[in-house]
Amino acid sequence: MRLHFLALAICLSLSLSSTRVSARFFPNITAIPPSVINNAPPGAWESFNNFTGCRPGEKYDGLNKLKKYFDHFGYIPNAPSNFTDDFDDEFEEAVKKYQKNFNLNVTGELDENTLQQIMKPRCGVADIINGTTTMNSGKENTTSASNSTHFHTVSHYTFFEGKPRWPEGTQELTYGFLPDNQLTDQVKSVFATAFDRWAEVTTLTFSEASSYYTADIRIGFYTGDHGDGEPFDGVLGTLAHAFSPTNGRFHLDGDEEWVVSGDVTQSELSSAVDLESVAVHEIGHLLGLGHSSDLDAIMYPTISSRTRKVELNNDDISGIQELYGSNPNYTGSSTTSQERDFSHGHHLTVVGHRWGLATFLFLGFAFLIF
Ligand SMILES: [Zn+2]
Ligand SMILES: [Zn+2]
């Protein structure tokens, strides 16, 4: 009897271990084998480095690939079906918009700083949707501290078009993990921690659903084309993407070298990506935030490999609290460490560009493919 049980256990463990897991996880950086470190493939966008120094008015072999990149992230309105290799006026405009969003010198040329920024791994969600952007709108907010003193802050957080959010009165959102991924409890706990960072500052709470299929937020690791028109691209490049409320889809690139815990900054593997950092960012989208041009914000679109960035900053907190209100237990301030404005009796106008038409189309697209 005991032998039968042992045989059954062995069979079971063999069948489990041979099941394909579609993502690469390392519990910490010391768990990354030297064979992986020594054979790290180039990042998806490394070849763009060849375009350093490219200028308007010239033609460059393969520039159409970079145009596709700019198109994907929303920088080329009315994009043609085929891109040429000409550095034309439209492309120059796209480069300038990109430089503005990422706080670079607006030169319209592919200078070194611009190319370095372009090649950084990033979120797959576009910065500009349907031609509208507020990523660097610099909305000015004024808080009156007394009759004569105003504190003004510049915020860069954005929303999807139409400012979609989870319905008024939503207190708890559930999340589930794609069963095929067979994630370990350690990996799942990283997501729980990431959700808690947003719960801490809002009225929302998050819990794991009993079923993936009925969860509000559905988390899955996929590789390449996975059926939503937003294929993943292997190591680095796009790391993850998520849909605006109330779609709930949260996809991560199963080809990344995901580091689950510990200090990713000390990793010998150049393509190591910190899982929690990416999770916190994507949850921002799932709740309704767009990208921010604030370099320190979680909602900034790029994150380098071997980087850990998990703390919401003031820009993130102001944005999410505008959507869902503040957690009564949250004692931090979302308007600290900002510029003080002592101009008397002068109320600054809140310049509130929103993602005008942006997400309307995005949502329409999402419904079509959902
Ligand atoms: Zn994003
Ligand atoms: Zn996807």
Just name the residue that is surrounded by the most Cβ atoms within 10 Å (Cβ to Cβ) out of those in the stretch 40-73 that are within 25 Å of the chain's Cα centre (by Cα) and of a type in the set (D, E, K, R). Lys67
Being touching a residue at least 40 places away in the same chain (Cβ under 8 Å) and polar (S, T, N, Q), is that true of even one residue in the stretch 276-283? no
Mind checking whether some residue in the stretch 215-235 is closer than 21 Å to Lys68 by Cβ, in contact (Cβ under 8 Å) with a residue 40 or more places away in the chain and more than 13 Å from ligand 2 (Cβ to nearest atom)? yes
Just name the residue that is surrounded by the fewest Cβ atoms within 10 Å (Cβ to Cβ) out of those in the stretch 201-225 that are under 21 Å from His281 (Cα atoms) and of a type in the set (S, T, N, Q). Ser207
Given the options Val235, Val201, name the one that is at pLDDT 95 or above, part of a loop (DSSP other than H, G, I, E, B) and closer than 23 Å to Phe160 by Cβ. Val201
Among the numbered conditions (1) within 15 Å of ligand 1 (Cβ to nearest atom); (2) more than 14 Å from the chain's Cα centre (by Cα); (3) hydroxyl-bearing (Ser, Thr, Tyr), tell me where Ser277 comes up short. (2)
Of everything in the stretch 141-182, what is modelled with pLDDT of 80 or more and of a type in the set (Gly, Ala, Ser)? Give them in sequence order. Ser155, Gly162, Gly169, Gly176
Taking the criterion of being aliphatic (A, V, I, L, M) and in contact with a Leu (Cβ under 6 Å, 6 or more places away or on another chain), would at least one residue in the stretch 95-103 satisfy it? no
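Enumerate the strands (runs of 3 or more DSSP E) found wholly within the stretch 246-309, keeping only those where 1 or more residues are crowded, with 23+ Cβ neighbours inside 10 Å, at pLDDT 95 or above and away from ligand 2 (no atom under 16 Å from the Cβ). Quick ask: steps written out before the conclusion?
Values: elements: 249-253, 257-259, 272-274.
Hits in the stretch 246-309: 257-259, 272-274.
The values are calculated or read from the model by the stated rules, or taken from the named source; none is laboratory data. Here the structure is a predicted model, which means the values were calculated and not measured. Please note: Cβ atoms are built from the backbone with ideal geometry, for glycine as well, and neighbour counts cover all protein chains shown.
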